[in-house]
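Heads up, the thing below is written out as structure tokens.
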Protein chains: 2
Amino acid sequence: MAEGGAPVTMSDVARLAGVSTATVSRVVNRRYGVSSSTTAQVRAAIQQLGYESSLVATSLRRSRTNVLGLVIHSFQSYTAEVLKGVMDALSQSGFDLIIYTNSDLYGTYAEGWEQRHLARLSGTLTDGCIVVTPWDEVRSGTPVVVIDPAKGSTVPSVTADNLTGATTVAEHLLGLGHRRIGFIAGRSSLAAAWAREEGYRRALAGAGVPVDPELIVRGDFNPESAAPVARVLLDRADRPTAIFAASDGMALKVLDVAKDLGLCVPGDLSVAGFDNIPESALTDPGLTTVDQSMYQLGYEAARMLKSLVCGDWEGPGQIVLPTRLVIRGSTAAPKTL
Amino acid sequence: MAEGGAPVTMSDVARLAGVSTATVSRVVNRRYGVSSSTTAQVRAAIQQLGYESSLVATSLRRSRTNVLGLVIHSFQSYTAEVLKGVMDALSQSGFDLIIYTNSDLYGTYAEGWEQRHLARLSGTLTDGCIVVTPWDEVRSGTPVVVIDPAKGSTVPSVTADNLTGATTVAEHLLGLGHRRIGFIAGRSSLAAAWAREEGYRRALAGAGVPVDPELIVRGDFNPESAAPVARVLLDRADRPTAIFAASDGMALKVLDVAKDLGLCVPGDLSVAGFDNIPESALTDPGLTTVDQSMYQLGYEAARMLKSLVCGDWEGPGQIVLPTRLVIRGSTAAPKTL
DNA sequence: GCTGCAAACGTAACCGATAACGATTGCAAC
DNA sequence: GTTGCAATCGTTATCGGTTACGTTTGCAGC
């Protein structure tokens, strides 16, 4: 059958089978109270017409839909990792997944897009939602889990231990003998950016190394934002012997800048990042970084949401996942040591 | 406001504002025929209650929803690229996007999942759908665009020029002087696999090189499937001087196998792939491949669907996008020449 | 033969919104 | 004072299902 023609509805099936729509509904939902002969008739009609129940109509009437929602702003490379984790966690769970995004990719977002998207889904379509954005003003009748929420949030959430992770990286650099360590911070509005910077500061303080404000510059987590500020650091007469960027994307950009300036990594400059995106393993030299497993974040968020929806969640309201230092070739002891 | 409480509906707003739901609807949809004073009252009530219209209820009643759907089986790495293209094409178009996936990631798929997913969305939720799968038995009341459809399909579709792309790669290898070129085919049920193999055959035929069936082995596009069959090729006494794999994932696996066997690429063996996934640029040596721009596929599919929904599509029913040969370090003239 | 009861099935209200239609109101024109 | 018309707003049917409830039917038990 080709295109065209109105979609086949339950009453079409009912008419063909010579029964009421209620009976068709009972057959579809395998409810008690339909004789085997009429069941067979109805099934035959469904088969013949190629009927599929409408998700919309069903979800409007029913409270439970067995569909979970995921709301995102736009597609980044890490988004795919999160989604893989979410889908693996939902594998064979009986829950389907709907991802809702809007088309305003580059335009300015009207305030409160999270709430708007959430409301459109969680009204009746989904049994619960995952929100991938720093945000905590959740209003929803159904459970919501936030990945990487704003600082001090009290909504159910999953986040990486950015503070410890960043501390570990800085301690790794300090352990190698570095004392002048540049830091490229992330967008200051994000909790993750704050935690990573704080980890850097604490590690230095712990080692008795004073924090030089001149060595802290700010990007926005985007690779492109790192190039100019990295140059600022590296053009200094007393340039740092190591640079710790708050994201791998920015760290990879630092590698490019270093190459442009004729600096050898890790000979002249050690570079470390945060995230462990796939590309970081493939550069030459490989990038020392912190694995925060976006996959794991997605996986845990989905697991949590699933339990919240089923009402059998036992764990804590906020999950903080451990991070893992990944040492590769981009860091070494400073030459001047 | 925290969680809990039934979601606020239109009648809640109507009650608070002292009007009927019809009036609220008119205000929400900016229709003519509401005095400015009542409009203000209604808006105030909406604000106070935090009302958001339900996507489900709206789409059930209305024919048009300004939401497009995308149906996929599971998340692969290329899926993210397709999605980026789709979202860029939809940027500021007024269309939102809903991606529907089910949870059966590893389990066996019941036959006809495409139709089932499509029916659940296109009943009323979406104005049209993109289906990312080789499939052509489309039945839908709303427009559907298929990315990478089955062979000889007549539904609106977007696909890469696999035939020409594969021919180009094979000709590149022939041009370097290779005569014994192994081919690792993809899953035979897919049209893309057929086209890529056909391109390989045609290039050889064009150069007057007889096709040796012993040099053609079959994977399934998955990286893991390539290792054993690559070994079969490379363990032969008269092993090929070059291997062309029908996907980058498989080609990268061939690089691993070659390394295990102590073969030098491209000194002892040239390797080429197809897809140009990001990883292919980062290996050492870089992988010669064909860029088919999944991004572009997604972009064009979305553009086409948008026009089909609006009824102003002028282009052809099937779009075939050109491919581009990307020459990197993994291919060179054979040593024995 | 009548009652009782459960199985089988239809009727109709309902989910939250939209839109055709009807009803009310105010005001100008006759 | 009517009439006419437009502006404003409420009533109600409807989208495609689900489900509480009512009705019919068949059959066992008295």
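Taken together, the values in this text are just the output of simple stated rules run on the coordinates, not laboratory data. All values derive from a computational prediction rather than experimental measurement. In this analysis, Cβ positions are derived from the backbone assuming ideal geometry, glycine residues included, and neighbour counts consider all displayed protein chains.
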Which of A:Cys264, B:Cys129 has the fewest Cβ neighbours within 10 Å, and the rest in rising order: A:Cys264, B:Cys129
Ranked list, fewest to most other Cβ atoms within 10 Å of each Cβ, for A:Lys306, A:Lys335: A:Lys335, A:Lys306
Choice from B:Leu325, B:Leu16, B:Leu255 showing the highest fluctuation, given a GNM over chain B with Cα pairs closer than 10 Å: B:Leu16
Size of charge dipole - the range B:226-337 - debye, nearest 20, with Cβ of Lys, Arg +1 and Asp, Glu -1, no other charges: 200
Leading residue at positive end of dipole, the range B:130-225 (Cβ point charges), from B:Gly208, B:Ala193, B:Ala166: B:Gly208
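What order do you get for B:Asp248, B:Asp212 when you list them from fewest to most C-beta neighbours inside 10 Å?
Fewest-to-most Cβ neighbours within 10 Å comes out as B:Asp212, B:Asp248.
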Virtual spin-label span in nm between A:Ala237 and A:Val211, 7 Å along Cα→Cβ: 2.6
Mean-position separation - Cα centroids, the range A:17-59 and the range A:200-257, in angstrom: 64
Environment charge at B:Leu83 (Cβ cut-off 15 Å; Lys +1, Arg +1, Asp -1, Glu -1): -3
Tensor-based shape of the range A:1-69 (alpha-carbon gyration tensor, a/c under 1.5 rounded, otherwise prolate or oblate): oblate
Convex hull of Cα atoms in the protein assembly as shown, direction-averaged projection (nm²): 36.2
Gain in span if fully extended, A:Ala57 to A:Glu224, counting 0.36 nm per residue against the direct Cα distance: 55.5 nm
If the convex hull is drawn through the Cα atoms of chain B, its volume per residue in Å³: 171
Cβ-vector label at 7 Å, A:Asp284, separations to other copies in nm: 0.4
Gain in span if fully extended, B:Arg31 to B:Leu282, counting 0.36 nm per residue against the direct Cα distance: 84.8 nm
All-pairs alpha carbon distance profile, the range B:246-331, 5 Å steps from 0, percent: 3, 14, 21, 16, 11, 9, 8, 7, 5, 3, 2, 0
Of A:Val229, A:Val290, A:Val28, the one that fluctuates the most in a GNM where chain A has Cα springs shorter than 10 Å: A:Val28
Cα pair distances of the range A:173-270 binned at 5 Å [whole percent]: 3, 14, 27, 25, 20, 10, 2
Cross-link pairs A:Lys84/B:Lys253; A:Lys306/B:Lys306; A:Lys259/B:Lys253; A:Lys259/B:Lys84 - those with Cα-Cα distance over 27 Å: A:Lys306/B:Lys306; A:Lys259/B:Lys253; A:Lys259/B:Lys84
For the protein assembly as shown, calculated [θ]222 nm from helices alone, where every DSSP H run of n ≥ 4 adds -39500 (n - 2.57): -12500 deg cm²/dmol
Karplus-derived HN-Hα couplings along the range B:214-230 (A = 6.51, B = -1.76, C = 1.60, θ = phi - 60°), whole Hz, x at Gly and Pro: 5, 8, 9, 10, 10, x, 9, 6, 7, x, 4, 5, 7, 4, x, 6, 5
Cβ-defined net charge surrounding B:Asp284, 12 Å radius [Lys, Arg +1; Asp, Glu -1]: 0
Label point 7 Å beyond Cα along the C-beta direction, distances from B:Asp268 to other copies (nm, shortest first): 3.7
Cβ-based charge dipole, the protein assembly as shown, positive-most Cα from B:Leu83, B:Pro266, A:Met250: B:Leu83
Selection from A:Trp113, A:Ala332, A:Asn222 lying farthest towards where the dipole of chain A points positive, charges on Cβ: A:Trp113
Exam field: B:Asn66 pseudo-label spacings to other copies (7 Å along Cα-Cβ), nanometres: 3.3
Distance between modelled label sites at A:Glu314 and B:Val320, nm, 7 Å Cα→Cβ extension: 6.0
